[in-house]
Amino acid sequence: MLKIPFYNEKTVKKLLFTLISITLLARLSYPSILRITVDAPIHPITSEYIIKSIQKAETDNASLLIMKLNTPGGLDTSMREIIEKILGSKVPVVTYVSPSGSRAASAGFFIGIASDVFVMAPGTNTGAAHPVGISITGQAMDETMAEKVTHDAASYIKSIAEKRGRNVSMAEDAVRKSLSYTEEEAFKGNLIDFIAKDETELIDNLNGKKIKRFDGTEKSLSLDEEIIIDLPLSPRQKFLLTISNPNLAYILLMLGLLGLYFEFSNPGAILPGVLGGICLLLAIFSFQILPINYVGLLLILLAIGLFILEIKVQSYGILSVGGIIAMLVGSIMLIQAPIPELRPSLNFIIPVAVGLSLIFIFLIFIAVRAHSKKVFTGKEGLVGEIGTASTRINPEGKVFVLGEIWNAESEEDIPKGSKVEIIGVFKNLKIKVKKTDHKGG
């Protein structure tokens, strides 16, 4: 007799869960489309994000990596790192300038030209790739050096554009003449592959298309029913991207210096020193990402030094004025980047610099006023107090002052009961007095 096993409800649910899990795992094991979104300047953090995403796509054997790009440009070194990874990628890379209103300017233009597929959404633009160099002193490069950098960038973009089959002349003009192109101009000029209003249209246009890789091989894209998987920034990358904001980096530097000033002015406070140290370390890390002008940084440190000297030297405000000027000039020069998005805004810098300068001056004023006040405690606090001679003082005797009897000496003969003023305190706790007509004490 054939026995049919009995399955209860719990067993059926477990079986269904297992089947669904196997189906999902099998589905996920198929080639997929990975998508990343770069909506920031090109610098070491965005470079790391793009490069690691390409490595992930290669590891997962993805069919395609779509990079939604909206950038004003960025740093040359980071751009070249990204391009090197794109050109050597085993997985085709699509740069998609999206959504409408976005741009792939400067370094973003180079990245798009280097990609296997370059696509733009309606209402976007690309180009304006003329290199801008800043020296360590914050000044623009001299004409000869600027010309060399321009020639180098033009040769670089021509080489990539020619290899990718794109319009070499228009690519070169974007570098030499800083020309920018709309999506229609770029498409008609054969700078981009096509225009797509959204990702659905993008994938439909790519499905079944044969693309030529940088190494000369051809690959047919079969994207039917493939799922799109987003690769977001990691928590670490999000944090680093946040503190790489030039305005935030500047305020971290200022808070760090202010905290350390508090700690050195009031040793033992601990909290200002700890917070100041943390802010200063975060600012230093940000400066590794941002192009820092070290002359500007030295001017800010000079300003702090001038504020501290104001406490020690009576300059009648000259040092404080010099400190404010050094703080303002140094703050303006601090971050010199080729694009505005990597520089702190003047509307932000000037109020912060002036505000912190006024805080330093206020602290200096309090310190100077405290130093100029009469001391009320310790040995120094006794000087100027009025007491009464408990015995005759000639030259030594005893004085009653502030509820205590002190050994005293005087250069004059002072009768018992006379009012005396303390004019000094010796190391052996003996006081020096003189006779006075003061009625207090």
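The values are calculated or read from the model by the stated rules, or taken from the named source; none is laboratory data. A quick note: this is a predicted structure, and the numbers were derived from the prediction, not measured. Every residue, glycine as well, gets a Cβ built from its backbone with ideal geometry; the counts of neighbours run over all protein chains shown.
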Check your understanding: Out of all the residues in the stretch 260-271, which are farther than 22 Å from G330 by Cβ and assigned to a helix (DSSP H, G or I)?
Key -> L271
Check your understanding: Can you name every residue in the stretch 192-204 that is part of a helix (DSSP H, G or I) and in contact (Cβ under 8 Å) with a residue 24 or more places away in the chain?
Key -> E199, L202, I203
Review point. If we keep just the residues of the stretch 255-288 that are closer than 21 Å to L346 by Cβ and within 12 Å of the chain's Cα centre (by Cα), which is surrounded by the fewest Cβ atoms within 10 Å (Cβ to Cβ)?
Key: F287
Exercise for review: Output the number of residues of the stretch 387-441 satisfying the condition of being of a type in the set (S, T, N, Q) and either at positive phi or without any contact (Cβ under 8 Å) to a residue 24 or more places away in the chain (or both).
Suggested key: 2
Revision key, fill the gap. Result of the Cβ filter at 7 Å on the stretch 271-285, keeping first residues that are free of Cβ contacts under 8 Å to residues at least 24 places away in the same chain and under 13 Å from I251 (Cα atoms) and partners that are among the charged types (D, E, K, R) and assigned to a helix (DSSP H, G or I), at least 6 apart or interchain, is G276/E263
Exercise for review: Might you check whether a residue that is assigned by TED's automatic domain parsing to the domain that holds R80, assigned to a helix (DSSP H, G or I), at pLDDT 95 or above and surrounded by 15 or more Cβ atoms within 10 Å (Cβ to Cβ) occurs anywhere in the stretch 114-132?
Suggested key: yes
**Study point:** Among the candidates L252, L221, residue that is aliphatic (A, V, I, L, M), touching a Leu at 6+ places or on another chain (Cβ under 6 Å) and either modelled with pLDDT of 95 or more or not assigned by TED's automatic domain parsing to the domain that holds I45 (or both)
**Key:** L252
Exercise for review: Considering each residue of the stretch 51-61, count those that are surrounded by fewer than 22 Cβ atoms within 10 Å (Cβ to Cβ) and either touching a helix residue (DSSP H, G or I) at 6+ places or on another chain (Cβ under 9 Å) or in a loop (DSSP other than H, G, I, E, B) (or both), and give that number.
Suggested key: 5
Exercise for review: Would you check if there is a residue in the stretch 297-309 being touching a helix residue (DSSP H, G or I) at 6+ places or on another chain (Cβ under 9 Å), crowded, with 19+ Cβ neighbours inside 10 Å and within 30 Å of T59 (Cβ to Cβ)?
Suggested key: no
Check your understanding: From the list V321, V329, which one is modelled with pLDDT of 75 or more, part of a helix (DSSP H, G or I), within 25 Å of the chain's Cα centre (by Cα) and in the same structural domain as F360 (by TED's automatic domain parsing)?
Key -> V329
